[in-house]
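See structure below.
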Amino acid sequence: MSDTNGPRALLARIRAWLILFVVCLVLSGATAFPLVPELRWLDSSLTGWAAPVAEALPGLAEWIHKVAGGVGTAGAEAPYLLYGTDWLAFAHLVIAVAFYGPYRDPVRNIWVVEFGMIACVGIIPLALICGPIRDIPFWWSVIDMSFGVVGILPLLHVRRLIKRLEAAQQVIPTAARTSPA
């Protein structure tokens, strides 16, 4: 029977959580590239097959329609504005690559996990400050802030696992030095 708290098991759990986090980060970033067609599809869905959602949440449907129109207009009349969302997508992909460090050596690269946690916390003041400046409805800012809350949860868990792995790795060399040859 294998030890579920041993270094190998901890490393496997850390890596599984990191893979999940990176996949979510990549998907989040990749969706920023095709913003115009995505919003067009979402807006048309709310008047089609997803009409019950629009009926239940009319404010959401109205907001999606407004955003789809604005982004569509920007894409047609000032496509260079959408270059900003390309950079947003790229930033997500670059940050995802950084998590290869903790995947390889979690103890040595715990700082990347902590950096991710700081970034998740930073989402909250950004949404609270920039949301009102950009006329974003407060409820949408809450949705944006939820990405920071949801993102930090697996990172907190990974950090705890890394600390346990670090402690387990320190015990093994000590035990090896004190055991008789």
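The values are calculated or read from the model by the stated rules, or taken from the named source; none is laboratory data. Nothing here was measured: the structure is a model prediction, and the numbers come from that model. In this analysis, Cβ positions are derived from the backbone assuming ideal geometry, glycine residues included, and neighbour counts consider all displayed protein chains. These accessible areas exclude ligands, DNA and RNA; they are computed on the full protein's heavy atoms, side chains included. Shrake-Rupley method; radii C 1.70, N 1.55, O 1.52, S 1.80 Å.
Okay, here's what the table says:
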| item | result |
| --- | --- |
| Number of positions in segment 131-158 that are of a type in the set (F, W, Y), touching a residue at least 12 places away in the same chain (Cβ under 8 Å) and over 22 Å from V22 (Cα atoms) | 2 |
| Residue check for A96: in contact (Cβ under 8 Å) with a residue 24 or more places away in the chain and crowded, with 17+ Cβ neighbours inside 10 Å | yes |
| Filter result (of a type in the set (A, V, I, L, M, F, W, C) and closer than 17 Å to G70 by Cβ) within segment 37-52 | L39, W41, L42, L46 |
| Subset of segment 49-82 [among the aromatic types (F, W, Y) and either open to solvent by 80 Å² or more (accessible area, probe 1.4 Å) or over 21 Å from S141 (Cα atoms) (or both)] | W49, Y80 |
| Any pair with Cβ under 8 angstrom, 6 or more apart, that starts in segment 117-130 at a residue that is more than 17 Å from I95 (Cβ to Cβ) and ends at one that is exposed (fewer than 13 other Cβ atoms within 10 Å of the Cβ) and of a type in the set (D, E, K, R) | none |
| Single condition F21 does not satisfy, out of (1) open to solvent by less than 50 Å² (accessible area, probe 1.4 Å); (2) over 21 Å from the mean Cα position of the chain (by Cα) | (2) |
| Set V121, V150: member being over 30 Å from S45 (Cβ atoms), at pLDDT 95 or above, open to solvent by 70 Å² or more (accessible area, probe 1.4 Å) and of a type outside the set (S, T, N, Q) | V121 |
| Count of segment 25-44 residues which are surrounded by 15 or more Cβ atoms within 10 Å (Cβ to Cβ) and either out of contact with any helix residue (DSSP H, G or I) (no Cβ under 8 Å at 6 or more places or on another chain) or basic (K, R) (or both) | 1 |
